[in-house]
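See below for the structure under consideration.
The values are calculated or read from the model by the stated rules, or taken from the named source; none is laboratory data. Please read these numbers as outputs of a predicted model, since none were measured by experiment. No Cβ is skipped: glycine too gets one built from the backbone with ideal geometry, and neighbour counts run over all protein chains shown. Heavy atoms of the whole protein, side chains included, go into the accessibility calculation; ligands, DNA and RNA do not. Shrake-Rupley method; radii C 1.70, N 1.55, O 1.52, S 1.80 Å.
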Amino acid sequence: LIATATNEILKAMDGLMGAIPEMGFFAATNNPEAIDAAATRGGRFGEKLHVDLLRGEDLLSFVRADLQRRRGVARAPDLTAEWIAAAVGEIGPADLIATGDRAINATVAEDPPRAIGRSDFSEAFTATTGRLLDGA
């Protein structure tokens, strides 16, 4: 089924590229190793952009910005950008945001809602990524 779907998408791309030269296709994945080789051969996509995992100062900066964006969300004093970045080590931006969303959803479902703590973030991280959080 997946091979059939891939072939149909690639045939449509090949057909449209000749008929509609201004057509653009965008694709994204967190699992580039799972992409069918037929989709990555030369001529399929003219531009390829690789966004690496966040780590180090880039990760810390992203976590700080994400926490600032969520400033209305109560969090425990020990759930800091520095702790999150150190515990996570490296992560894609989408997975980090999804982890934060999941942690928030777990705490706001309680009555009354409570501040997000390290254990909430750790559980959300594992549920989102399938990995255990370092130092948790």
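In the chain the longest region clear of trypsin sites (Lys or Arg not before Pro) that are loop-assigned by DSSP and have at most 16 other C-beta atoms within 10 Å covers 72-113.
Counted without the sites themselves, the longest stretch of the chain free of GluC sites (Glu not before Pro) in a DSSP loop having at most 12 other beta carbon atoms within 10 Å is 48-109.
Computed from the alpha carbon atoms alone, the convex hull of the chain holds 161 Å³ per residue.
Normalised by the number of residues in the chain, the average gap of Cα pairs under 8 Å and 6 or more apart makes the relative contact order 21 percent. Working note: 222 nm ellipticity from helices only, DSSP H runs with n ≥ 4, each -39,500 (n - 2.57), summed and divided by the residues of the chain, gives -16500 deg cm²/dmol to the nearest 500.
The share of accessible area on the chain that comes from carbon and sulfur is 57 percent, using a 1.4 angstrom probe.
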